[in-house]
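Taking it in order: structure first as structure tokens, then the write-up.
The values are calculated or read from the model by the stated rules, or taken from the named source; none is laboratory data. This is a predicted model, so every value here is computed, not measured. Please note: Cβ atoms are built from the backbone with ideal geometry, for glycine as well, and neighbour counts cover all protein chains shown. Surface areas here come from the heavy atoms of the whole protein model, side chains and all, with no ligands, DNA or RNA. Shrake-Rupley method; radii C 1.70, N 1.55, O 1.52, S 1.80 Å.
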Amino acid sequence: MYKYVTRYCLLFFCVFCITKLEAQIGGSRPGLSKMMQQAQTGTSENGKPKEYELAGITVSGAKYLDQDLLIAVTNLTVGQKLYLPNDEHIAKAIKALWKQELFSNVDITITKFIDDKVFINIGVEERPRLSRFNFRNIKTSEAKELKGKLSLVSNKVVTDATKKEAVVRIKKFYTDKGYGRVKVSVLERNDTGAVNKVILTFIIDKGNKTHINQITIAGNVNATEARLKHSLKGTKENMRFTLHPDATASVYGASKRSFGKYLSQFGFLSPSKTLSALDNYFRFTFSSSKFNQSKFDDDKQSLVAYYNTLGFRDASVIADTVYPVKNGNINVEIKVKEGHKYYFGDITWKGNTKYSSEFLSRTLAIKKGDVYNQELLEKRMGRQLSPDGGGEDVSSLYMDDGYLFFNIDPVEIAIVGDTINYEMRITEGAQATIRDINIAGNDRTNEHVIRRELRTLPGNKFSRSDLIRSQREIANLGFFDQEKIGILPKPHPEDGTVDIDYTVVEKSSDQLQLSAGFGGGVNFYGNIGITFNNFSIRNIFRPKFWDPLPVGDGQKFSVSYASNGAYYNSLSTAFTEPWLGGRKPNSLTANIVYSKYSAAAIGTDPNFSFLRMAGAGLSMGKRLNWPDNYFVFNYGIFYNNYRLKNYALVPNFTDGYSNDFHFKFVLSRNSIDQPLYPRSGSNVAFTFQVTPPYSAFSGTDYTNETPQQKYKLIEYHKYKFTADFYQKIYGNLVLRLVSKYGFLGYYNTGIGFSPFERFQVGGDGLSGYSYFIGKDIISQRGYEIYATDATIFNKYQAELRYPFSLSPTATIYGLMFVDAANAWENFSQYNPFQLNRDVGVGIRIFLPMFGLLGLDYGIGLDRYDAATGTTGIKDISKFNFMLGFEPE
């Protein structure tokens, strides 16, 4: 009896162990009972786990995964010792497989025993894979943009985590666009055309855009609510801009339609796409702000940073609330705690040997008793790099003199009441010498074109300002994406040297100019031209460098032709070599121009009345090192031949020839940081144009001479001055200020002013127009042409610019402007305070292939005249279109 009890107990124990093993390895499968019997048979007599050698591993159910890789994940190997029925290696193998998130079921079973050897099978059921995915309830353009933001690709394993990640990204995409209440659900269905594949459909309910109705700030005592709201860069209250009671609809509607139609007729964009693109601009300008949670979080930090500039170093946002209101928008409430106001105390220096403490204190320019300002301290130490390379902060003193390993650490050594004492701990390090310069990314442009623009040269001491200047020079070439120019110093402390790696991203710099216009007596005319900004003469016979013409050497070649048929034709071509000889930045430019304009009525003989001009020029340019290395001096010689037939250019001069042989000198200084959207710097130029004083050598009294004799050899002296300044105001908001002056003088009172080279002011400033009227064209927005034979002009411009896209494929920015200009026929009439004023808004779009596209809506304030009834907004406003150039 005792033996039977013992046997039943042993049997019960084995069954219990086998059940435990089954639970560990994933549940019942066909053949499991046999495995249990085998496991039961192989169990040691005392009921303890028995040692086996793993003799074989098979895999079943894997359709896409590599079986060897799957076995490797389990960490099970043939020859391994297992203690059955509850070996911990089996449990770990199952956990490792589940951790991959590739399977919907995992099962490990024993297939057979041979003596003390065991064979197992890993059975898996793979999760479905993605066949494709789509969206519902959104625009095609949004779906296209979304697909690029989701990490979903065909044949990817679909898990709950995969779907959740996609939903999070979709919500973020729409939240950033102002749809704060967006809802996303996922519909998963089997793809009947494929095995074990599913189709995901994301059902999107964007809801209405979440606009900010009101922002309220509490707890502020030492800063006004308006100023604190201004510090919130991406969180603004709902507001609307209005130019005039009758103007808002006109600008938003008419300008969109006009500009869209204007661009689409030349095949650049379809009207619908053009209007869609312009919507982004007008909505920004005329509609309300959207709420974005991530921007709001950043703005709270900006608010605290503003308080820090006022001395409140302990300021914080202690509470914020965002809640909906009845009109569908939201209100934002912020509560701040200002804390105490602090001041700078004693500032001492430690570790400085090159410069004295007194000199460093003067450079830091922070005195005891100044209001504490963390931002100012960082700037004066040089931790905030200025766009122009600094030079007025402590770090620049050292790093512009080779001290690449320099470091400054401001330590608060004591806080006495409201005063903070600092110790500036400096590590000067050794001066670093530039060893190697490496350039990458220049797929089209020859390396020497970039190297010759660099201010960092092997063997020179390292200089941070030279790095920034080099970046500016590369950007100004116009061949690369100016936002993606990379500079990476790689120091070698062991030998005191540094390598500098420059990386660039090529962009299309060639331009196809297609423009059209009305005016100047030529009615409708068209212009076609092409400019190759990275031309290469030496690659003309090397076809592999053609794209579509030979490229790579930074030369410029342009051809332009304008015509309206038989009544106006103009052809011009120019070539520029920026580094003549290849050793110094001395440029050479040659140009040829021909134009013929007929004043005859359309339908009559165009040769009855015309003005014809043919000319050529040769000029040189030289970079100067004094007063600084931003200066350039250009000088050239030019000849233009004019023929008039029944053409009334000036009184009594309708037939004959005129010869204009002149010298031109231009002294300019250009420190603009970027060519497409400048944020800082200036471009100042003085131009002096002069002919020989022929009348002084002829001994002839020209008072009673015929116009043909007076103007056979044209003589004059001409002066022009332009000052163009850019200053970043806030973020990417830029202020542009421009002043322009011009004066034309004469040598002989008997001859007077030249009939050519005068100034025409007002209107659009049509491209190429100066070639057939022999005058400088000075445009003014909001006005028609009001001065045609001026010898003096003044013009002033002020613009606020804001970019909507700085992509190299399309640089887009909007602007608001105020202009004032006027022109006079002689100096006795000159009155610098008598100016024609205008205000307005505009947009600029720079496309690499077509150049600049622009639209301005200007209101001529001084066109208002109650006496003549010119009082309506339509009577005093004007649209100005531009294509291919910015009018002077």
Computed [θ] at 222 nm, deg cm²/dmol, the chain (DSSP H ≥ 4; -39,500 (n - 2.57); rounded to nearest 500):
-6000 deg cm²/dmol
In whole percent, the fraction of accessible protein surface over region 759-888 that belongs to carbon or sulfur atoms, probe radius 1.4 Å, stands at 57
In the full protein assembly as shown, how much of residue 592 is accessible to a 1.4 Å probe, in Å² to the nearest 10?
100
Counting pairs of alpha carbon atoms under 8 Å apart in space and at least six apart in sequence, what relative contact order in percent does the chain give?
5
Alpha carbon centre of region 56-87 versus region 672-743: separation in Å?
84
Positive end of the charge dipole of region 124-204 (Lys, Arg +1 and Asp, Glu -1 on Cβ, about the Cα centre): tell me which of 168, 200, 130 has its Cα farthest that way.
168
Degrees between helix 271-286 axis and first principal axis of the chain (Cα, 0 to 90, nearest 10)
90
So for R0 = 56 Å, FRET eff. of residue 865-residue 340 from the Cβ-Cβ r, to 0.05, ends up at 0.40
Among 686, 427, 859, the residue whose Cα sits farthest towards the positive end of the charge dipole of the chain, when +1 is placed on the Cβ of each Lys and Arg and -1 on the Cβ of each Asp and Glu, is 859
Among residues other than residue 154 whose Cβ falls under 11 Å from its Cβ, what is the net charge (Lys/Arg +1, Asp/Glu -1)?
+3
Hey, what do the phi angles of region 531-537 turn into as Karplus ³J(HN,Hα) couplings, whole Hz, using 6.51/-1.76/1.60 and θ = phi - 60°, x for Gly and Pro?
10, 9, 8, 10, 6, 8, 5
Hey, can you grab everything whose amide H is under 5 Å from the amide H of residue 851? Only 5+ residues off in sequence or another chain; H modelled, so Pro and N-termini drop out.
512
Of 720/795; 728/795; 236/300, which ones are farther than 19 Å apart at the Cα?
728/795
Using +1 on the beta carbon of Lys and Arg, -1 on that of Asp and Glu, and nothing else charged, what's the dipole of region 422-522 about the Cα centre, debye to 20?
280
First measure r as the distance between the Cβ atoms of residue 80 and residue 407, then evaluate 1/(1 + (r/R0)^6) with R0 = 51 Å and state the FRET efficiency to the nearest 0.05.
0.40
Which of the trypsin sites (Lys or Arg not before Pro) found in region 284-344 are in a DSSP loop and have at most 15 neighbouring Cβ atoms, other than their own, within 10 Å?
326
Kindly flag which residue pairs out of 209/337; 147/209; 164/206; 139/874; 233/740 have an alpha-carbon separation exceeding 27 Å in this structure.
209/337; 139/874; 233/740
Would you mind checking which residues have amide H under 5 Å from residue 746's amide H? H placed 1.01 Å from N; only 5 or more apart, or other chain.
717
I need the phi-derived Karplus couplings for region 693-710: 6.51 cos²θ - 1.76 cosθ + 1.60, θ = phi - 60°, integer Hz, Gly and Pro marked x.
x, 4, 5, 6, 9, 7, x, 9, 8, 8, 4, 9, 6, 6, x, 5, 6, 4
Given the candidates 581, 873, 446, the one whose Cα lies deepest towards the positive end of the charge dipole of the chain, counting +1 at each Lys or Arg C-beta and -1 at each Asp or Glu C-beta, is 873
As straight-line cross-link partners of residue 171, the qualifying aspartates and glutamates (C-alpha separation under 16 Å, not fewer than 8 residues apart within one chain) are 142, 145, 205
Net charge dipole size for region 307-448 [Lys, Arg +1 and Asp, Glu -1 on Cβ; Debye, nearest 20]
340
Any lysines whose Cα falls less than 20 Å from that of residue 645, other than same-chain ones fewer than 8 residues away, would be 596, 710, 712, 775
Please list, or write none, the aspartates and glutamates whose alpha carbon is within less than 12 Å of the alpha carbon of residue 197, excluding same-chain residues fewer than 8 places away.
126, 188
Where does helix 32-42 land angle-wise versus the long Cα axis of the chain, in degrees 0 to 90, nearest 10?
60
So what are the ³J(HN,Hα) numbers for region 619-632, from phi and the Karplus equation (6.51, -1.76, 1.60; θ = phi - 60°), rounded to whole Hz, Gly and Pro as x?
9, 10, x, 9, 6, 10, 9, 9, x, 8, 7, 8, 7, 9
Report which label in (i) 38.6, 155; (ii) 31.2, 102; (iii) 29.2, 97 holds the value of Rg and Dmax of the Cα atoms in Å derived from the coordinates of this structure.
(i)
Charged-residue dipole, Cβ positions (Lys, Arg, Asp, Glu), the chain about Cα centre, Debye nearest 20
2200
Per-residue counts of other Cβ atoms within 10 Å, averaged by peptide: what ranking do you get for 216-222, 163-169, highest first?
163-169, 216-222
Please list, ordered by chain and number, the residues whose modelled amide H lies under 5 Å from the amide H of residue 505; skip anything fewer than 5 residues away on the same chain.
481
Take the alpha carbon atoms of region 142-173, find their center, do the same for region 796-842, and report the distance between the two centers in whole angstrom.
47
Roughly how many Å² is the accessible area per residue of the chain, as a whole number, for a 1.4 Å probe?
50
In degrees rounded to 10, the 0-90 angle between helix 88-99 Cα long axis and the longest Cα principal axis of the chain is 30
Accessible-area value, residue 98, 1.4 Å probe, nucleic acids and ligands omitted, Å²:
110
When a/c is below 1.5 the answer is rounded, else prolate if a/b is larger than b/c, else oblate, so apply that to region 327-426 with a ≥ b ≥ c taken from the square roots of the Cα gyration tensor eigenvalues.
oblate
Zone reached by a paramagnetic label modelled 7 Å from residue 297 Cα along Cα→Cβ, restricted to region 129-172 with backbone N below 13 Å, covers 172
